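Everything on this sheet refers to the single structure shown next.
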Amino acid sequence: MLDKTMASLMQQMPLSEDVKNCLISRTGPYAATLEAVEYYERGETQWCIAALQKSGIAEEDLVGSVYLEALKFGEQLLRAF
């Protein structure tokens, strides 16, 4: 996307360091949540549930608020460009 590396894109984004680290190196407090959302999007239910357990998010919350908030956040970032 945009012919730039994730690291260079993150330098331009108004994001917290925790979010940047999660997106670049998949580390930090949001890593398990990102992993769960990615498994959910691919339909890999068993792996999604395991990642949710690591993140401390209830299964029913992923489909509800967490996933929808992640989608909204992504849309806002895309509009910023």
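The values are calculated or read from the model by the stated rules, or taken from the named source; none is laboratory data. Since this is a predicted model, take the numbers as computed values, not measurements. Every residue, glycine among them, receives a Cβ derived from its backbone with ideal geometry; neighbour counts consider all protein chains shown.
Descriptive notes on the structure:
- Residue within segment 8-27 that is aliphatic (A, V, I, L, M), touching a Leu at 6+ places or on another chain (Cβ under 6 Å) and at pLDDT 85 or above present: no
- A Cβ distance below 7 Å, combined with a sequence gap of six or more or placement on separate chains, defines the contacts here; from segment 32-49, residues that are under 19 Å from G74 (Cβ atoms) reach residues that are at pLDDT below 90 and aromatic (F, W, Y) in the pairs V37/Y67; Y39/W47; Y40/Y67; C48/Y39; C48/Y40.
- Annotation: of all residues in segment 30-81 being surrounded by 13 or more Cβ atoms within 10 Å (Cβ to Cβ) and not in a helix (DSSP H, G or I), the one that is farthest from the chain's Cα centre (by Cα) is E44.
- For L23, the requirement of being within 26 Å of A80 (Cβ to Cβ), in contact (Cβ under 8 Å) with a residue 12 or more places away in the chain and not small (G, A, S) is met.
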